Structure formats: structure tokens, C-alpha cells
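Following: one structure in C-alpha cells, then a few remarks.
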Amino acid sequence: MDRSTEKFEVKNLNTEYIGHSIVYKKITDSTNTECKRLCDSRAEEGLTVVAEKQTAGRGRLGRQWDSPEGTGIWMSVMLKPQVNPERASKVTILAAAAVYMALKDMGIDSGIKWPNDIVIGSKKICGILTEMKCTGENIDYVVVGIGINVNTEKFPEDLAEKATSLKIETGQFVDRNELIGRILTWIEVFYQSFRTSGDINKVIEIVRQGSIVLGKDVLLIRGNEEIQCKVRDIDNDGELLVEYKEDGSVHRVISGEISIRGLYGYI
Ligand code: ADP
């Protein structure tokens with residue numbers, strides 16, 4: 001997958017199980033969809049799917065994720081946490097913290113845009129999509145998909161205003177194999193405590209540290225509704241505490257179907 005060798009060989013992987021089994025595809029519809037197909041045939045926890053290109057990459061609420069060939073990281077990891085299904089959505093901020101730390105390891109400063117994006121400056125370099133399957137109160141599996149614009153040089157017109165890549169921002173080619181290894185390693189670090197108890201204390205610390213929305217005036221978008229508010233805090237459960245501009249009332253915003261925008265642009 002590295003440009004110089006065109007070989008897929010994850011580097012800097014230091015885990016006990018995450019990413020030990022990696023399915024590498026030149027092309028797939030969506031790595032989350034592929035991963036879910038494999039989960040249904042009883043794959044092991046930590047299974048990772050990586051693709052060079054997605055033909056139907058997805059964001060939340062069925063939105064599209066642009067995933068051109070050879071320049072990005074399009075990957076999904078399968079987890080089987082033994083926690084209440086209600087906690088499964090925390091895997092999204094867990095993965096965001098992992099991407100943020102992996103980039104930091106590589107000398108790249110980024111920001112976490114709660115709940116599921118990583119940005120540089122005011123543009124998005126990474127999106128995260130978590131999906132799960134449950135039987136009653138048990139989680140069968142959680143699949144967390146991570147899409148990163150790594151060496152992308154140009155974006156389609158409709159994305160150019162809000163998307164950027166590591167290459168555009170740093171001016172340098174970034175080794176995808178190394179970044180994948182580092183992200184998987186951080187996922188395992190954070191997942192160890194989450195796996196059985198649902199604990200995300202360390203993750204919250206990182207998310208607060210890297211957050212670009214804390215203290216900011218933002219627009220909350222839920223369906224057709226738009227609310228102007230100030231972000232007051234990220235609580236110990238990773239949810240957002242906001243103060244409505246309109247009447248000063250304070251609300252807890254649960255991630256999921258909410259999008260956040262700056263008052264004057266993407267953020
Ligand atoms: P939002 O950012 O609006 O909350 P999502 O997190 O679901 O929404 O991400 C999907 C959105 O991200 C798409 O509607 C599109 O605007 C944008 N997008 C799609 N592909 C990319 C990409 N490769 N890089 C950055 N942004 C993208």
C-alpha cells in the first residue's frame with residue numbers, strides 16, 4: 001500500500017489481537033459492509049478490513065463517503081465488547097481518540113470534532129462510522145469504520161470546502177501502512193478497559209484535550225432543526241453539554257444523529 005512498494009504491509013503494529021487478522025481488498029463496496037459480512041461467519045475479534053477503494057463508502061444517515069483509489073485509509077475493525085448495547089456508540093469517540101493519538105505520534109496535529117470527525121484547521125480529514133448487531137441485551141459485534149484522506153491531492157467540487165488530506169496539510173507524503181499500524185495499536189490501548197467494563201476515562205481525557213468544539217459557539221443540526229449554542233463541556237460519558245443561545249438553558253446532547261457546524265462554515 002506504500003507508494004514506493006505498492007505492498008500492503010502494516011507497520012508499527014503493537015497489539016495482542018487487534019489487526020492480527022487483516023483482510024486486504026483492492027476494491028470493495030464498503031469496508032464496514034465487508035467486515036459485517038465476515039462477522040456473520042464468526043470471525044475473531046480484532047479482524048480488520050482494509051481497502052484501496054470503496055465504491056459505496058458511507059457516512060452517517062446514509063450519507064456518502066468519498067473513497068478514491070490508493071490515496072486514503074478505508075478500514076474497519078470488528079470488536080465484541082461485553083457491555084450493554086447502549087454503550088456501543090462510545091466506540092466512535094474511542095476510535096477518534098486513537099486516530100488523534102496516532103497522528104500525534106507521526107508529528108501531525110489535528111483536532112477532534114465531536115462526535116465522529118477529525119479535522120485539521122477547519123477541514124475534515126477523517127470520518128468514523130460505528131455500526132453494531134445485537135441479540136437482545138448482547139452485542140454480537142461492533143464494526144468501527146475509519147476513513148482518512150491521506151495522500152489525496154484534489155477533492156471533488158462539492159467537498160473541496162470542507163475536506164482536506166494529510167498530504168495537503170503537511171506538504172508531505174504520509175505512509176499509510178505506518179498510520180494504520182499506529183491507529184490499530186491505539187485502538188487496542190483504549191479498548192482494553194472498555195472491552196468488559198465500558199470504561200472510557202482515558203478516551204474522554206484525550207477527547208477533551210483534542211476537542212475543537214469545547215467553548216465554541218456552534219450550530220447543532222438534528223434533521224431540519226438548527227439550534228445555536230455554546231459548547232460547555234464533554235461529560236464523563238463523552239456526551240456534549242451545550243447552552244442554548246436562545247434561553248441559556250443547558251442540555252446534554254447525545255451523539256448519533258446530530259451534526260455540528262461552525263456558525264459560519266464547516267467548523
Ligand atoms: P457530518 O460531517 O455532516 O456530520 P458524516 O459524519 O456522516 O456527516 O460524514 C458524511 C459527510 O462527510 C458527507 O455528507 C460529505 O459531506 C463529507 N465527506 C464525504 N466524503 C468525504 C471525505 N473523503 N473527506 C471529508 N469529508 C467527506
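The values are calculated or read from the model by the stated rules, or taken from the named source; none is laboratory data. Because the structure is a prediction, the values reported are computed rather than measured. Cβ coordinates were reconstructed from backbone atoms using ideal geometry, including for glycine residues, and neighbour counts include every protein chain displayed. Each accessible area value is taken on the protein alone, full model and side chains, heavy atoms only, with ligands, DNA and RNA left out. Shrake-Rupley method; radii C 1.70, N 1.55, O 1.52, S 1.80 Å.
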Meets criteria (touching a strand residue (DSSP E or B) at 6+ places or on another chain (Cβ under 9 Å) and modelled with pLDDT of 95 or more) for V218
yes
Take residues that are surrounded by 21 or more Cβ atoms within 10 Å (Cβ to Cβ) and tell me which of the strands (runs of 3 or more DSSP E) falling wholly in the range 21-129 contain 1 or more.
48-51, 72-79, 111-113, 117-120
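Residue-wise test of (1) closer than 21 Å to G127 by Cβ; (2) more than 16 Å from the ligand (Cβ to nearest atom); (3) small (G, A, S); (4) in contact with a helix residue (DSSP H, G or I) (Cβ under 6 Å, 6 or more places away or on another chain).
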{"position": "T15", "(1), (2), (3), (4)": "no, yes, no, yes"}
{"position": "A43", "(1), (2), (3), (4)": "no, yes, yes, no"}
{"position": "K53", "(1), (2), (3), (4)": "yes, no, no, no"}
{"position": "A56", "(1), (2), (3), (4)": "yes, no, yes, no"}
{"position": "G59", "(1), (2), (3), (4)": "yes, no, yes, no"}
Residues being surrounded by 11 or more Cβ atoms within 10 Å (Cβ to Cβ) and polar (S, T, N, Q) - total across the range 249-265:
2
Given the criteria open to solvent by 20 Å² or more (accessible area, probe 1.4 Å) and either assigned to a strand (DSSP E or B) or within 16 Å of the ligand (Cβ to nearest atom) (or both), does G215 qualify?
no
What is the residue count in the range 205-263 for residues that are within 21 Å of the chain's Cα centre (by Cα) and hydroxyl-bearing (S, T, Y)?
3
In the range 138-168, which residue that is near the ligand (Cβ under 10 Å from one of its atoms) and open to solvent by less than 20 Å² (accessible area, probe 1.4 Å) is nearest to the chain's Cα centre (by Cα)?
G147
